[in-house]
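A short reminder: the numbers here are calculations on the coordinates, not readings from a lab. Since the model is a prediction, treat every value here as computed from it, not as a measurement. Cβ coordinates were reconstructed from backbone atoms using ideal geometry, including for glycine residues, and neighbour counts include every protein chain displayed.
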Amino acid sequence: MTAPALLGALLIGLTLGLLGSGGSILTVPVLVYLLDQPEKVAIAGSLAIVGGIASFAVLSYARQRLVDWRSVAWFGVPGMAGTWGGAWLAQFVSGALQLAVFALVMLAAAWSMFRAPPSAGAAPRAGRRIVVDGLVVGVLTGFVGVGGGFLIVPALVLLGGLAMPLAIGTSLAIIALKSAVGFWKYLDVLARDGLALDWGVIGAFIAIGAVGSVLGNRIASRLPQAALKRGFAAFLVVMAAYILWRTLPGVL
């Protein structure tokens, strides 16, 4: 792999460890534009890579008792069902359309990060709303290969009443579960289209990203989260514009 791709793998882990989100937002563009993978292969690989890194990263948070397993059940189980459905829908559309939708999701993520951070410790709202949010985020995960942490973390804070560190750790557990389900379903999609995964790339990205996630977890408390999110959001806007520029001609 190229040096930029290896750096991308490290940044994927760092963002997951720092923010509990953002890893898959980077993974798909890195696989498509730096490693020239077909869109559907990149989306499936993203689910495997982000799920593997999140599974490793959540261990650090679990040891610190920063995973709310009740919220994992409320949000994660509907999310897994939605992810399966999103991956099933993906077989009916082109890879170019998926990337275009992915770019719109990136813009939504940037908007979410530009907004003022949600207030931690708010009174939890109805469980039904959490279930619905989990289902919707799950469909996005399966359809475009994003973990959805940028939506999960605010939902856990605002709807579940979790403090931000607890929401980040819980988000990682949910991302790991949803990514595993989405990847499993995507194997059928790839087989139908005669596509194959590059397991060497997936393994290398998980290993390097896991190291990045540990570093991110260790330095998370030392960095200004608001400024970090705004900087990352600005990067997402630029990347989304580039992806739309590359993919819209193929969609239209």
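For the chain, what's the relative contact order in percent, using C-alpha pairs closer than 8 Å and at least 6 residues apart?
Relative CO of the chain lands at 37 percent.
Which whole-number percent is the relative contact order of the range 1-85 (Cα, under 8 Å, 6+ apart)? Write down the numbers at each step before the final one.
Values: 46 pairs, mean separation 18.5, N = 85.
In percent, rounded to a whole number, it is 22.
Which is the longest part of the chain that has none of the trypsin sites (Lys or Arg not before Pro) sitting in a DSSP loop with at most 13 other Cβ atoms within 10 Å? Intermediate results must be reported in sequence, preceding the final value.
On the way: sites that count: ARG65, ARG115, ARG125.
So the longest stretch without any such site is 126-252.
Give me the angle, in degrees from 0 to 90, between the Cα long axis of helix 127-144 and the longest principal axis of the Cα atoms of the chain, rounded to the nearest 10.
20 degrees
Run lengths n ≥ 4 of DSSP H only: what is the helix-derived mean residue ellipticity at 222 nm for the chain, with -39500 (n - 2.57) per run over all residues, to the nearest 500? Mind dumping the intermediate values first?
Working: 10 runs with 197 residues, N = 252.
So the helix-based figure for the chain works out to -27000 deg cm²/dmol.
Starting from the Kirkwood Rh over alpha-carbon pairs, what translational D in µm² s⁻¹ does the range 165-232 have by Stokes-Einstein at 4 °C and 1.567 mPa s? The partial results should precede the final answer.
Details: Rh = 14.7 Å.
Rounded to a whole number, D works out at 88 µm²/s.
Does the range 135-252 classify as rounded, prolate or oblate by the C-alpha gyration tensor (a ≥ b ≥ c root eigenvalues; a/c under 1.5 gives rounded; else a/b over b/c gives prolate, otherwise oblate)?
Here the range 135-252 falls in the prolate category.
If you split all Cα-Cα distances of the range 193-242 into 10 Å bins from zero, what percentages do you get per bin, shortest first?
Bins of 10 Å from zero give 20, 27, 38, 13, 2 percent of pairs.
Helix 95-114 against the longest principal axis of the chain: what's the angle in degrees, Cα atoms only, rounded to the nearest 10?
The two axes meet at around 20 degrees.
Given the options PRO224, PRO38, PRO165, which has the most mean-square fluctuation in a GNM of the chain, springs set between C-alpha atoms less than 10 angstrom apart?
Among PRO224, PRO38, PRO165, the largest mean-square fluctuation in the Gaussian network model of the chain belongs to PRO224.
Using only Cα atoms, what Kirkwood radius does the chain have, in angstroms? Intermediate values should be presented prior to the final figure.
On the way: mean 1/r = 0.0571 Å⁻¹.
This gives a value of 17.5 Å.
Give the angle, between 0 and 90 degrees and rounded to the nearest 10, that separates the Cα long axis of helix 199-219 from the longest principal axis of the Cα atoms of the chain.
20 degrees
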